[in-house]
1. Mind counting the residues in region 119-153 that are in contact (Cβ under 8 Å) with a residue 40 or more places away in the chain and at positive phi?
2. Filter region 387-409 down to the residues that are closer than 21 Å to Val264 by Cα and of a type outside the set (Val, Ile, Thr), then identify the one that is surrounded by the most Cβ atoms within 10 Å (Cβ to Cβ).
3. Which pairs do you get when a residue that is modelled with pLDDT under 95, found in region 387-399, comes within reach of a residue that is in a loop (DSSP other than H, G, I, E, B), reach meaning Cβ atoms under 7 angstrom, with the pair 6+ apart or on two chains?
4. Condition first: under 27 Å from Asp195 (Cβ atoms), in contact with a Pro (Cβ under 8 Å, 6 or more places away or on another chain) and part of a strand (DSSP E or B). Can you find one or more residues in region 305-326 that meet it?
5. Determine the pairs where a residue that is within 17 Å of Gln54 (Cα to Cα), located within region 73-101, has a partner that is open to solvent by 10 Å² or more (accessible area, probe 1.4 Å) and basic (Lys, Arg) with Cβ atoms under 8 Å apart, the partner being 6 or more residues away or on another chain.
6. Can you tell me how many residues in region 347-362 are over 17 Å from the mean Cα position of the chain (by Cα) and in a strand (DSSP E or B)?
7. List the number of the failed condition for Ser344; all other conditions in (1) without any contact (Cβ under 8 Å) to a residue 40 or more places away in the chain; (2) within 16 Å of the chain's Cα centre (by Cα) hold.
8. Being assigned to a loop (DSSP other than H, G, I, E, B), of a type in the set (A, V, I, L, M, F, W, C), open to solvent by 20 Å² or more (accessible area, probe 1.4 Å) and over 23 Å from Glu111 (Cβ atoms), is that true of even one residue in region 272-287?
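The values are calculated or read from the model by the stated rules, or taken from the named source; none is laboratory data. Nothing here was measured: the structure is a model prediction, and the numbers come from that model. Note that each Cβ is placed from the backbone with ideal geometry, even for glycine, and that neighbours are counted across all protein chains shown. Protein only, heavy atoms only, side chains kept; ligands, DNA and RNA dropped before computing areas. Shrake-Rupley method; radii C 1.70, N 1.55, O 1.52, S 1.80 Å.
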Amino acid sequence: MSPRRWTGRLLLVAALTLGPLAAYGWAAEDPQVADEPPATTAVPLEQLSATSTQVASGLTRPTAIAAPDDGTGRLFITEKAGTVAVYHPDTGLAEEPLLDVTDVVDESGNERGLLGMALAPDFNDSQELYLAYTALPDGAVTLGRYSLADGSLEVLLSQEHAQYSNHNGGQLAFDADGLLYWGIGDGGGSGDPFDSGQRLDTLLGKILRIDVSAACGDLAYCVPEDNPFVGVAGAREEIWAYGLRNPWRFSFDPADNSLWIGDVGQGQEEEIDHLAPGQGGANLGWSCREGTVEYDAAQCPENPDFVEPVHSYPLTGGNCAVIGGLVYHGQEYADLAEGTYLASDYCGATAIAMRPTADGGYEQANIGTFQTQPTAIGQDANGELYYVNDLPGGLHKIEFAQTGQTRTP
């Protein structure tokens, strides 16, 4: 396979993000969160509300959203069985899918299927996108590169995941440098039966970071030289972060290239994590800990150096699984919500809002309720937010408003 060159686009992205990086005080050599977050005109979270309007129906168990920045205004929506639907705000859902890989996708069980998608940084030219799915015949979690030009699917990386059908992860996202991140769950079952979270010799329970713009040796991708476990005996060098249970949805904030992660809990707490750029090697604690509480003392390493969640909430009041979201940088509600991270919960459907504060902490508020069973939050090419819900399968646009009401987090 010939090397793929994205240099021009990535240099432009780097130039655009240099200013916001400085504003945060974050740089590759300084992975700590700055004391001063960037200035924002957004209203206080206690005065912000989020609602939604359904703009499409008829999706079949949608799992992820992506948007090409090609002037078409389209949204691409993955469906669990292995199709990608196309939505346009003027015409609704297209009759024919963008692509169909149902012949290779194992959708058995509630959590298997086509789970994630990311468009190549040079998508407008290459017409390539990346898919995360569980593959036939045995449910292996798989990363593939799909070409819309010729309909080909190339498998780049696969992790055995046969024993249990749950905790497959599936999120894919490119950072500002054009490196691809992929989240994989701990192998399923209950209680981390393979002790995957704290092990470095397996891809289970991890977020990976790889370079898919070229091939290296026998690999269909390259491992970046600055990955934290390159050269560490017995460790998989693709690992970027570990100690995760099921990082179903994570995202990069394009303003600073920081990484927001929603990690699904076991039975006590759901957690949201926030990693600064360059914070590779972060240990998020599972299965020693679940959120902020100890889960399994036998899995606690000696002298642990865990990264604390920036928010956790109990599995009470109808909550069941955090749905990691995105930081809002759209134009329509910039005066209200600029810089606000918005997430949700699959069962509770709460609109969970967060922002960094000047003292290095975070403010948080629950600012509304979405339709039942949200599975993913995405955005269009203009930064306006949408979400999809599982059953009955709809697409919803998110709206913000200012209220005078005070909300209790």
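1. Going through region 119-153 one residue at a time, the tally reaches 1.
2. Taking the candidates together, the pick is Tyr387.
3. Leu391/Gln373
4. Filtering region 305-326 for residues under 27 Å from Asp195 (Cβ atoms) gives 305-315, 319-324.
Subsequent filtering for residues that are in contact with a Pro (Cβ under 8 Å, 6 or more places away or on another chain) retains 323-324.
Filter again for part of a strand (DSSP E or B), leaving 323-324.
Yes, because at least one residue in region 305-326 is under 27 Å from Asp195 (Cβ atoms), in contact with a Pro (Cβ under 8 Å, 6 or more places away or on another chain) and part of a strand (DSSP E or B).
5. Correct list of pairs: Val86/Arg74; Tyr87/Arg74; His88/Arg74.
6. 4
7. For Ser344, the exception is condition (1).
8. No: region 272-287 contains no residue that is assigned to a loop (DSSP other than H, G, I, E, B), of a type in the set (A, V, I, L, M, F, W, C), open to solvent by 20 Å² or more (accessible area, probe 1.4 Å) and over 23 Å from Glu111 (Cβ atoms).
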